[in-house]
Structure formats: C-alpha cells, structure tokens
1. Counting Lys +1, Arg +1, Asp -1, Glu -1, what net charge surrounds residue 119 among other residues with beta carbon under 10 Å of its beta carbon?
2. Compute the label zone of residue 175 within the range 77-117: residues whose backbone N is under 16 Å from the point 7 Å along Cα-to-Cβ.
3. Return the calculated 222 nm mean residue ellipticity for the chain, to the nearest 500 deg cm²/dmol, obtained by summing -39500 (n - 2.57) across DSSP H runs with n ≥ 4 and dividing by the residue count.
4. Assuming R0 = 41 Å, what is the FRET efficiency of residue 346 and residue 41, from their Cβ-Cβ distance, to the nearest 0.05?
5. Out of (i) 36, 21, 20; (ii) 32, 25, 18; (iii) 29, 23, 20, which label holds the value of semi-axes √(5λ) of the Cα gyration tensor in Å that was computed here?
6. I'd like to know which of 175, 332, 305 lies farthest towards the positive end of the charge dipole of the chain, counting +1 on Cβ of Lys and Arg and -1 on Cβ of Asp and Glu.
7. Net charge near residue 321, counting Lys/Arg +1 and Asp/Glu -1 over other residues with Cβ under 14 Å of its Cβ?
8. Net charge near residue 169, counting Lys/Arg +1 and Asp/Glu -1 over other residues with Cβ under 14 Å of its Cβ?
Amino acid sequence: MDALLSPRRRHVIAALGAAALGAACGARPGARADSLRFSGQTMGSTYSVRIAGGPFDGAFEAAAQGAVSEAFDDVVRRMSTYDAGSELGRFNRHASTAPFALSVDTLAVLARGQEVAALSGGAFDVTVAPLVAAWGFGAGASTRGEAPTAAALAAPLGWRQLALDPLTGTARKALPGLQADLSGIAKGYAVDRAAQALQALGVERYMVEAGGEIRTRGLNREGRPWQIAIERPDAWPQQAHRIVALQGLAMATSGDYRNFYERDGRRISHEIDPATREPVAHRLASVTVVHEECMFADAMATALIVLGPERGPALARERDVAALFIVRDGDGALRDLASPAFAALA
C-alpha cells in the first residue's frame, strides 16, 4: 500500500460514545439511514468518516465513500514518499536548480509548509527528508540499530533553500540535493480534501479522521458538537486524556510516544529538529492544535513539538494558536499546558 509515512498509532481517538460516533453501519439496499459511517486504509494508517443529518440511501453512501476514497488516493499519488513515481518522488530525484513543474495541490501543501516554517523559525521544515531517513524513519530509512553517519547528517537542508512560484506552477531548489518530506502536513491536507469532497455532495454534518487528524462540520447525530478524545501519552492500551468538542474545526496531534525506538537508553523519536539535525530530546510528550484547516493544524503541531515545552507554548501565545501541550513531569506524571486560544474553546 502506498504511504506517506510508516504506520503509526493514532494520537487522537474519536470518542467512543454514541454522542460522538453513534452512526449506522451503512444503509441496506433500499433502506434509508439517518446517519452513516465507513472506513478504509490510507497513507499507512486508516481513515474513518461519520455523517449525520440524513436520511441517506445506499446510492448516496456509495457516492460519499467513492468521493472520500478518491480524495485520499489523489493525495497519495501526488505526495507519497514511498512511491518513487509520485509527484513528490520525482521532485526529490530532480537533482537540479532548474524549476520543476508541480500540480496546484502539491504547490499548495508546500506553500503552507513554508508559511508554518516562517512562523516557527524553521521548526517545521519540509526539507527534513534526509534526516528522517538517517534516523531510521520513513522511506529510505537507514538501519535503526546504527547511528547516522556524519555524511547522512550533513545532507542538504533548509526551507529557505526552496523557492515556490505559483505563477509558473514550479518549485526551484537552491541546493540540487534538497529533498522534501510532506509527512508532517499532507495527511492534514488529505483530511481537508476529503471534507471538501463531502461538502461538494451537500453534506453539512460530518467528521473525517485519518491517522488521528480530524476535521468536523456541523453537529453529530445527537445534535451535539463532535466529541473527540486526545490520546494519553505512553498509555497502553490507548486511553483518552481529554475530550474536545469540535464543530466546524479541525484537530491534529504530534507526539513522540508511538513512532520511536530506543538506543543506548535514549528515546529516538520520528520528530526531528532541523536546527540540531537530531530527534527531539525534551519533556514535551504531545501537542494538539485546533484550527479551521487540518493542514495547518498538522504542520503547526509538528512545529510546536519540535520547539519544546518552553518555546512551543510561547509561540502559541504569540501567534494565537489553539494548542494543548502535554508535558512529562517525571515519575509518569503528565501536566497540561493550554494556550489561551485553546482554553477559550471550552
């Protein structure tokens, strides 16, 4: 299966009560249901969709499933790091400073990534691809049992080395060896695309989730905002840490507690700090961002966890970002730090 990143546990759990997910399993032939739910696989993970406000018949359910599936598949075709034939794969093999033509979709994701890079002082950086692989994650990953070589860590890097031109529909590398990894933003974009596909069918009440990234609109089948749980870091089996009520908003979480390995007593996380060229090494376990756009929430959550438990909350306050930080205080204790914008959601 094509993937944007390797499979990982979800950081966000849709609350399991009827208030959040209570929906019919699908309309029987000839029957009409007041709500729908369906799911599938995408990007090395799964997706799930809940639709309220019926009645819906089987033909509508088939149309909704097809529209959502095509939205996810289209993002994978363009932005997968695992498929050498994807648009991003071809761009990464383009070892030249000459302009490279890209689709409107891929340019839009890169542009949003560059915006978050600027907002975060480079904590989010789409050109981090070689470092992700060097530390044993993603496509082309090195062996996890071995430390990255000096040459691997010295790979070309830097969001400022990538120039986008929406007028010509091209991207230009200042360094020929520059490579992009959109795993920290493309899944959020795919959720946005799936949500837009439902809206094009006239759906006004839905929840779309893929790999823990979520976007909502309207109310659930019980007439309440969608009840979404943030996962408790380090808990096994998975546990809800906090419930967030969402209506017309998206949510994404980045954490260091699912996709990691240990070497010499050190936790090696897939969250890479472009400034140090190493995995993050601080007490911040996860960051959840709420925003109207899932793509922005996805990228900003990555930026904030890279910044850590001091600089991350400071940036969220400065930029009025709705973010919840879960910090490890030792002995298994967890502490929540909510930005003013996140606290206002309550």
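1. -1
2. Of the residues in the range 77-117, 92-98 have backbone N under 16 Å from the label point off residue 175.
3. Helix contribution divided over all residues of the chain: -9500 deg cm²/dmol.
4. In this case the efficiency is close to 0.75.
5. Read-out from the structure maps to (ii).
6. My answer, from the dipole projection, is 332.
7. For residues surrounding residue 321, the net value is -3.
8. Summing Lys/Arg as +1 and Asp/Glu as -1 gives -1.
The values are calculated or read from the model by the stated rules, or taken from the named source; none is laboratory data. Just so it is clear, the model here is predicted, and its values are computed rather than measured. Reconstructed Cβ throughout: ideal geometry from the backbone, glycine too, with neighbour counts over all protein chains shown. These accessible areas exclude ligands, DNA and RNA; they are computed on the full protein's heavy atoms, side chains included. Shrake-Rupley method; radii C 1.70, N 1.55, O 1.52, S 1.80 Å.
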